[in-house]
Amino acid sequence: MSLFRYSGLSTKVKAMKGRLLSPEQFREMSDLHSVPEVLSYLKKIPSYEKVLADKDETHLHRGAAEALVKQSLYYDFGKLYRFADLEQRVFLEDYFMRYEVIFLKNVLRYLFDSNEDRADIDLSAYQAVFERHSEMDPNVLMQAENVEGLVGLLQGTGYGRALEMVGRSGKANLFDYESALDMLFFKQLWLDAKKHLKKADLQVILRSAGLEADTLNIQWIHRARKYYHMAPADIYEFLIPIHYRLSTSQVKQLVEAESAKDFMEVLQSTVYGRDMQEAGTAQLEGICGRLMDKVHMLNLRTQPYSVACLDTYLYQKEQEVNKVIKVIECVRYGLAAERIKEYLA
C-alpha cells in the first residue's frame, strides 16, 4: 500500500531533487565578486529562475534578495502539495506551520534591524501560497511597525500568545522571540504527527522532529549560557518540551553545568556522545547539522515509500536556501572565495 501511495510522489521528489544546487555550483557562486553577480547566476538555475526572472538584480537590496530566494521554498512546497493525495496533504498542511514561522522570523528581523528597508520586498509568492494554506496575510504582517504591533496583528493565534508571553519580560530580544516560535512549531508538529500519521509515516516524523528538537535544545542551552548569561530558570522557559533521546535529567545537567567544559562532558555522556567526542562548543552547530543530515538520509533509506520523501526533500531545500543566503551575505561583506567555501563546508 505504501509503495502504491508514494510511488508517483517519490518519482516527483527525485526529479525535483535533481535540481538542487550541487557543491560545484556553490563553489562557483563563492568565486563571484558581488551580490548582483550571485543573483544573476541564480537566475540561470531552474528552481530560482521563477522568483528572480523579472527582477533587476542590480537594484535589489539585501532584504529583498533574501526574501526572493526564500520564496523558492514556497514554490517547491506548492508543487509537492498539488501532486500529493489527500492523506499526504494532511501532513503538508501540518508542515506548513514551519513556513509561517520562517516568515514571522523574517518580519521580526526587519523590526529589530532599523536599517532594513521593507518597501521593495515582493510578497506576491508568499501571498499566493498563504491564501491557500494559512490564515495569515503576509502583506498585513509586513506593515507592523514594532513587535507590539505584530502581536496585535496576530491576536487570537498561537503565535500572538507566544510572542506576547515573551514580550512581558520587558527584556526580550530577537533570540527570545525566535525561540518561542520554534518551540511552538515543534510542540504542534509533535502533536499533529501523533494525531494524523500512522506506522511508518509517524516513525519518520517523530525521528526527524525529535532529533531536531534535541539538537536545537543543545544549541540554545549553549548560546543562552555563553552569549546571554541566562539563569537556568530562564533557559528552561525557552526549551522545546520534547525529549527524544535526551532525558529530562540530562537536559537539567546541561542547563546547570558550571562551565563550558562541564557542559561538553555532560553532552559527551549522552547518546550523542560519539558525535561529540572531539568537538568543542564552537563546532556544535556543524555537528548538529550533520546529525540532521544523517537522520533524514536514514529515514529515506529505510522508508523510501513514506512521508520521508516529502520531509527529506523539504529539509534539503531549506538547507540549500540557507546556504544561498550565507553566500549572499559573505559576498556582500567581501569575504575571500576560499573563506566562503570553508564556511559553507
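The values are calculated or read from the model by the stated rules, or taken from the named source; none is laboratory data. For clarity, every value in this text was computed on a predicted model and none was experimentally measured. A quick note on method: Cβ atoms are made from the backbone with ideal geometry, for glycine too, and the neighbour counts reach across all protein chains shown. With ligands, DNA and RNA removed, areas are computed over all heavy atoms of the protein, side chains included. Shrake-Rupley method; radii C 1.70, N 1.55, O 1.52, S 1.80 Å.
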Please go through region 164-182 and pick out each residue that is in contact (Cβ under 8 Å) with a residue 40 or more places away in the chain, of a type outside the set (Asp, Glu) and open to solvent by less than 30 Å² (accessible area, probe 1.4 Å). PHE175, TYR177, SER179, ALA180, LEU181
Residue in region 1-32 that is modelled with the lowest pLDDT, counting only those that are touching a helix residue (DSSP H, G or I) at 6+ places or on another chain (Cβ under 8 Å) and among the small types (Gly, Ala, Ser): SER2
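Scan region 317-335 and give yes if some residue there is among the acidic types (Asp, Glu), touching a His at 6+ places or on another chain (Cβ under 9 Å) and open to solvent by less than 50 Å² (accessible area, probe 1.4 Å), otherwise no.
At the first step, the residues of region 317-335 found to be among the acidic types (Asp, Glu) are 318, 320, 329.
Adding the requirement that they be touching a His at 6+ places or on another chain (Cβ under 9 Å) leaves none.
No, that holds for no residue.
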Checking VAL271 against (1) open to solvent by 50 Å² or more (accessible area, probe 1.4 Å); (2) closer than 16 Å to ILE221 by Cα; (3) of a type outside the set (D, E, K, R), only one condition comes out false. Which one? (2)
Consider only pairs whose beta carbons are under 7 Å apart and that are at least six residues apart or on different chains; among these, list those whose first residue lies in region 222-249 and is touching a residue at least 24 places away in the same chain (Cβ under 8 Å) and whose second residue is loosely packed, with under 13 Cβ neighbours inside 10 Å and in a helix (DSSP H, G or I). none
Of all residues being without any contact (Cβ under 8 Å) to a residue 24 or more places away in the chain and more than 14 Å from MET97 (Cβ to Cβ) in region 146-159, which is surrounded by the most Cβ atoms within 10 Å (Cβ to Cβ)? Just the residue, please. VAL151
Of the residues in region 291-300, those that are open to solvent by 10 Å² or more (accessible area, probe 1.4 Å) and within 22 Å of ASP85 (Cα to Cα) number 1
Residues within region 1-34 that are under 14 Å from LEU310 (Cα atoms) and either open to solvent by less than 40 Å² (accessible area, probe 1.4 Å) or among the aromatic types (Phe, Trp, Tyr) (or both), tallied: 6
How do the pairs read when you match residues in region 65-89 that are over 13 Å from GLY8 (Cβ atoms) and in contact (Cβ under 8 Å) with a residue 60 or more places away in the chain with residues anywhere that are aromatic (Phe, Trp, Tyr) and crowded, with 21+ Cβ neighbours inside 10 Å, using Cβ under 6 Å and keeping only pairs 6 or more apart or on different chains? SER72/TYR48
Pair list, Cβ < 9 Å and 6+ apart or interchain, from region 15-33 residues that are farther than 14 Å from CYS330 by Cα and part of a helix (DSSP H, G or I) to residues that are open to solvent by 30 Å² or more (accessible area, probe 1.4 Å) and among the aromatic types (Phe, Trp, Tyr): GLN25/TYR41
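Pick from GLU100, GLU37: which is surrounded by fewer than 20 Cβ atoms within 10 Å (Cβ to Cβ) and either touching a Pro at 6+ places or on another chain (Cβ under 7 Å) or of a type in the set (D, E, K, R) (or both)? Outline the logic, then answer.
Values: GLU100 fails: surrounded by fewer than 20 Cβ atoms within 10 Å (Cβ to Cβ).
Residue meeting the stated conditions: GLU37.
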Filtered residues of region 109-135 (kept if modelled with pLDDT of 90 or more and among the aliphatic types (A, V, I, L, M)): LEU111
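Let's see how each residue does on (1) surrounded by fewer than 20 Cβ atoms within 10 Å (Cβ to Cβ); (2) over 22 Å from the mean Cα position of the chain (by Cα); (3) farther than 27 Å from ASP182 by Cβ:
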| position | (1), (2), (3) |
| --- | --- |
| TYR41 | yes, yes, yes |
| LEU52 | no, no, yes |
| THR58 | yes, yes, yes |
| SER72 | no, no, no |
| LEU92 | yes, no, no |
| ARG109 | yes, no, no |
| LEU123 | yes, no, no |
| ALA128 | yes, no, no |
| ASN139 | yes, no, no |
